[in-house]
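Written out below as structure tokens is the structure these notes cover.
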Amino acid sequence: MGLTAIFVAFALNLFGAYEITIPGRWLTQFDLATRSRDGAGVVGALLMGFTFTLTSFTCTAPFVGTVLVTAAHGDWRQPVVGMLAYSAVFALPFFVLALVPQWVSRLPKAGGWLNSVKVVMGFVELAAALKFLANVDLVWHWGIVTRTVVLACWVALAALTTWYVLGRLQLAHDSRVATVSAGRLLVACGSLATGVWLATGLTGRSLGSLEAFLPIDERSTAGVQHVRAAGDQGSARAFRAHATLH
């Protein structure tokens, strides 16, 4: 239940309900240390990188927190891959711009699209929260968060993501989407296709490797129990018939 609450908290942060921030006094002190004469050279570069990491913590905390939660859950492979991807994404722009400095002027400007990326990641966080809530349901035997419920919620989240990316749903910090760009249209099509594919699982169709993240199908479980019950009844009748003959 605690993992579910953490994922929901990160999702609300990405939606803009509140901000996870580092105290400004700490950032100012690190920035002054970086700019001072004593902060030149290798130490200055390390301090500058550390300051940049703290400054970007507000945007990256949900992602890094999700990876760390997965590591605390006992899995180490996915966190390693996640942190490698996280570090590569941070380092790659600086590496490329160091090779080709004139590309700096071509970088996209900060704007509403960054907030849209955060909100889409918030929907992904909610989908992950449902997975962990299903695990709690399995342990505590609630019988509420079933495979059908999880799939229906995921389909709803995919539909909301599509609606949001197309600019039909706006949150408090969003800017108005005047035109749907090619990137937005591509993400919307991908989200819609994912929702349609997940919806096919509501009819009992297997979703392949995704089934490992879903609760056991209640209909198949009921079928197995019915077969077992029928087998027990057949065995009882055969035993009675054998006893009558002898």
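The values are calculated or read from the model by the stated rules, or taken from the named source; none is laboratory data. Since the model is a prediction, treat every value here as computed from it, not as a measurement. Backbone-built Cβ (ideal geometry, glycine too); neighbour counts: all protein chains shown.
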Inset, instruction - Filter region 171-197 down to residues that are β-branched (V, I, T) and either on the phi > 0 side of the Ramachandran plot or at pLDDT 90 or above (or both) and give me whichever is surrounded by the most Cβ atoms within 10 Å (Cβ to Cβ). - result: V187
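Go through the residues of region 142-151 one by one and say whether even a single one is surrounded by fewer than 16 Cβ atoms within 10 Å (Cβ to Cβ), of a type in the set (A, V, I, L, M) and assigned to a helix (DSSP H, G or I). Talk me through it step by step, then tell me what you get.
Our first condition is that a residue be surrounded by fewer than 16 Cβ atoms within 10 Å (Cβ to Cβ); within region 142-151, this holds for 142-144.
Subsequent filtering for residues that are of a type in the set (A, V, I, L, M) retains 144.
After this cut, where a residue has to be assigned to a helix (DSSP H, G or I) as well, the list is none.
No - not one qualifying residue is present in region 142-151.
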Inset, instruction - Kindly establish whether T146 is of a type in the set (S, T, Y) and over 18 Å from the mean Cα position of the chain (by Cα). - result: yes
Inset, instruction - Determine, yes or no, whether G122 is within 21 Å of A17 (Cα to Cα) and not acidic (D, E). - result: yes
Inset, instruction - Take W154 and decide whether it is closer than 27 Å to G2 by Cα and not in a loop (DSSP other than H, G, I, E, B). - result: yes
Legend entry - Counted residues, region 198-212 - those being exposed (fewer than 12 other Cβ atoms within 10 Å of the Cβ) and either part of a helix (DSSP H, G or I) or outside the structural domain of L157 (by TED's automatic domain parsing) (or both): 4
Inset, instruction - Take L138 and decide whether it is touching a residue at least 40 places away in the same chain (Cβ under 8 Å) and over 20 Å from the mean Cα position of the chain (by Cα). - result: yes
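Listed here are the residues, each with its yes/no results for (1) assigned by TED's automatic domain parsing to the domain that holds F15; (2) under 12 Å from Y164 (Cβ atoms); (3) at pLDDT 90 or above.
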{"site": "W113", "(1), (2), (3)": "no, no, no"}
{"site": "V117", "(1), (2), (3)": "no, yes, no"}
{"site": "L130", "(1), (2), (3)": "no, no, yes"}
{"site": "N135", "(1), (2), (3)": "no, no, no"}
{"site": "L138", "(1), (2), (3)": "no, no, no"}
{"site": "I144", "(1), (2), (3)": "no, no, yes"}
Inset, instruction - Using the structure shown, decide if A61 is within 30 Å of L138 (Cβ to Cβ) and at pLDDT below 75. - result: yes
